[in-house]
Structures are given as C-alpha cells and as structure tokens.
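See structure below.
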Amino acid sequence: MRNLDWDGYLNARDLGGLPTSASPTGATVPGRIARGPRREFLTEQGWRDARGWGLAGVVDLRCAYEVGARDGDPVVAAGASEGVRIVNAPTEDQDDPEFREVCFPILDSPEYWRHNFRILPQLVLGALTAIADAPSGVLVHCSAGRDRTGMVSALLLANAGVAPEAVAADHAESVRAMAGANSHAPTHDRQATWGQDEVDRWIAQTAPIVEDVAADVDGAFAVIGADDALRTRLRERLTAP
C-alpha cells in the first residue's frame with residue numbers, strides 16, 4: 001500500500017512499490033522515501049504513525065518564511081518530532097528576478113520544473129544531495145506536497161528507472177489528493193478550490209509535461225549538475241536490497 005495513513009496527514013505516499021527493472025525485486029523499495037505536504041499537518045498520533053513507518057529524517061523543500069505552524073494546524077507537543085533529523089533544502093529562491101518572472105505564473109504546474117532546473121540548479125542539487133544524505137526513512141515535503149515535492153519525486157522515480165507514465169500517475173495522485181484541500185500555506189493555491197472536472201482537465205493537460213521530464217531525466221540531471229555518484233546514491237535509495 002503506497003498511500004500512508006498517518007492520522008489524516010493528506011497526500012502522503014511511499015515512493016516504494018512502483019515497477020522498475022533497476023531493482024532486483026522489480027519494484028522500488030518501500031520504507032525508504034515518502035512524499036507529503038507540510039509536516040505541520042502531522043498530529044501527535046501522525047508523528048507516531050510516521051515513526052512506525054520508519055521515519056528518521058525530513059527534507060523540507062520550502063523557503064524559510066514558509067516554515068512553522070499556522071492557524072488550522074494541529075497542536076502538538078514540542079517533542080513530537082524529537083530524534084527526527086530535519087533539513088531545510090529549498091528548491092526556490094523567490095527573490096531571484098528571473099525565477100519570479102518566469103516561474104511565478106506557473107508555480108502550480110510542472111511546466112515550471114525545467115525552468116527551476118535551469119535558473120536555480122544549485123538549489124535543486126542541494127535538495128537532491130540532502131535526500132541522498134538523509135537517513136533511510138525520509139519524508140520529502142513542501143507545502144501541498146504536489147509541486148516542489150512533485151518535481152523532486154519525479155526526478156527520484158525516473159532516476160530509479162520508473163517509467164514516465166508511472167511517474168506522471170504518481171504526480172496525478174497528488175493533484176487529486178490536494179484539490180479542494182487547504183494547505184494552510186502562506187501563499188495562495190488556486191487548486192484548493194477545484195472540483196473534479198477541473199482536476200481531470202488539469203491532469204490531462206499536465207501529465208504529458210511530467211512524462212517528458214521523466215523521459216529526459218538524464219538531461220534534467222545534467223542541467224542540475226548532479227554527477228554519477230549522486231545519481232547512484234539516489235537510485236540505490238529506491239532500488240538496492
């Protein structure tokens with residue numbers, strides 16, 4: 001079961017269990033990397049559930065100003081995440097003029113992913129390195145767990161040999177999971193008001209973009225500046241016994 005039941009924590013999935021010839025089991029290995037939305041959504045029981053899955057680390061892809069509890073988040077004890085190694089590795093610099101001009105209008109679409117690679121390769125590389133360095137059992141998240149997390153998850157899965165169609169299907173699951181849901185993030189999310197028809201149209205429009213990025217994962221990693229050693233480490237996180 002790839003969907004993770006962490007006491008109502010929306011849009012949480014294990015990146016394990018997807019077909020790939022790169023793994024001796026024929027599938028990505030569960031229990032290694034999970035994806036999700038803001039960790040502030042986790043209740044105390046959610047943190048316990050996550051630890052039961054094997055949570056040992058978190059890589060937070062958000063900008064620093066986005067981090068922290070907000071109105072509507074569950075109240076949890078200060079020690080709920082004790083012992084979990086949390087690293088902030090933002091993939092965006094929202095003060096960068098070119099990023100603002102090119103990416104801001106399309107931040108909820110995978111259309112911006114290639115621009116992110118090109119404009120801020122060092123930040124995407126930093127996030128990927130943080131994941132490779134994290135303890136096994138790592139949660140990768142942003143705000144909704146859909147866009148930045150979708151971008152990084154697509155790179156991880158494609159690098160592990162998962163077919164582009166399966167990578168796009170994984171992204172579509174996050175679009176569906178977060179449609180109509182308030183992420184309590186400080187930025188506006190138009191998809192928080194979407195219904196089923198809007199979601200279906202959006203997935204039909206964006207799935208080919210995700211597939212193209214996954215099919216050209218070698219090109220993406222080249223633009224980002226990830227060397228073979230890092231790619232091997234990331235691949236082994238999802239494929240090695």
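The values are calculated or read from the model by the stated rules, or taken from the named source; none is laboratory data. Since this is a predicted model, take the numbers as computed values, not measurements. Cβ placement follows ideal geometry from the backbone for every residue including glycine, while neighbour counts extend to all protein chains displayed. For the accessible areas, the whole protein counts, side chains as well, though only heavy atoms, and no ligand, DNA or RNA atoms are used. Shrake-Rupley method; radii C 1.70, N 1.55, O 1.52, S 1.80 Å.
General observations
- Hits in the range 1-40 (condition: among the β-branched types (Val, Ile, Thr) and part of a loop (DSSP other than H, G, I, E, B)): THR20, THR25, THR28, VAL29
- Boolean, ASP108 is over 26 Å from ALA132 (Cα atoms), assigned to a loop (DSSP other than H, G, I, E, B), charged (D, E, K, R) and in contact (Cβ under 8 Å) with a residue 12 or more places away in the chain: no
- In the range 10-38, the residues that are under 30 Å from GLY180 (Cβ atoms) and of a type in the set (S, T, N, Q): ASN11, THR28
- Selection from the range 81-97 of residues that are within 16 Å of GLY36 (Cβ to Cβ), assigned to a loop (DSSP other than H, G, I, E, B) and open to solvent by 20 Å² or more (accessible area, probe 1.4 Å): SER81
- One residue stands out in the range 122-132 among those that are in contact (Cβ under 8 Å) with a residue 40 or more places away in the chain and either among the basic types (Lys, Arg) or open to solvent by 30 Å² or more (accessible area, probe 1.4 Å) (or both): the one that is nearest to GLY54 (Cα to Cα), namely THR129.
- Taking (1) under 25 Å from ARG32 (Cβ atoms); (2) open to solvent by 40 Å² or more (accessible area, probe 1.4 Å); (3) within 16 Å of the chain's Cα centre (by Cα) in turn, GLU111 satisfies each apart from (1).
- If the condition is being among the acidic types (Asp, Glu) and over 26 Å from ARG39 (Cα atoms), then the range 170-226 contributes ASP197, GLU198, ASP200, GLU211, ASP212, ASP216, ASP218.
- Selection over the range 58-71 of residues that are within 22 Å of the chain's Cα centre (by Cα) and open to solvent by 50 Å² or more (accessible area, probe 1.4 Å) gives a count of 5.
- Subset of the range 211-238 [under 19 Å from GLY126 (Cα atoms), in contact with a helix residue (DSSP H, G or I) (Cβ under 8 Å, 6 or more places away or on another chain), among the small types (Gly, Ala, Ser) and assigned to a helix (DSSP H, G or I)]: ALA220
- Members of the range 41-57 found to be under 16 Å from LEU10 (Cβ atoms) and either open to solvent by 30 Å² or more (accessible area, probe 1.4 Å) or part of a helix (DSSP H, G or I) (or both), listed by number: PHE41, THR43, GLN45, GLY46, TRP47, ASP49, ALA50, TRP53
- A search for C-beta distances below 9 Å between a residue of the range 149-166 that is in contact (Cβ under 8 Å) with a residue 40 or more places away in the chain and farther than 14 Å from ILE131 by Cβ and any residue that is buried (at least 23 other Cβ atoms within 10 Å of the Cβ) and of a type in the set (Phe, Trp, Tyr), counting only pairs 6+ apart in sequence or on different chains, returns GLY150/TRP113.
- The set of residues in the range 31-40 that are open to solvent by less than 10 Å² (accessible area, probe 1.4 Å) and farther than 27 Å from ALA240 by Cα contains only ARG38.
- Residues in the range 187-210 that are part of a helix (DSSP H, G or I) and open to solvent by less than 60 Å² (accessible area, probe 1.4 Å): 9 in all.
- Within this structure, ALA168 fails the test of being small (Gly, Ala, Ser), under 18 Å from ILE203 (Cβ atoms) and open to solvent by 10 Å² or more (accessible area, probe 1.4 Å).
- Residue check, ALA215 over 17 Å from GLY150 (Cα atoms) and either open to solvent by 40 Å² or more (accessible area, probe 1.4 Å) or among the hydroxyl-bearing types (Ser, Thr, Tyr) (or both): no
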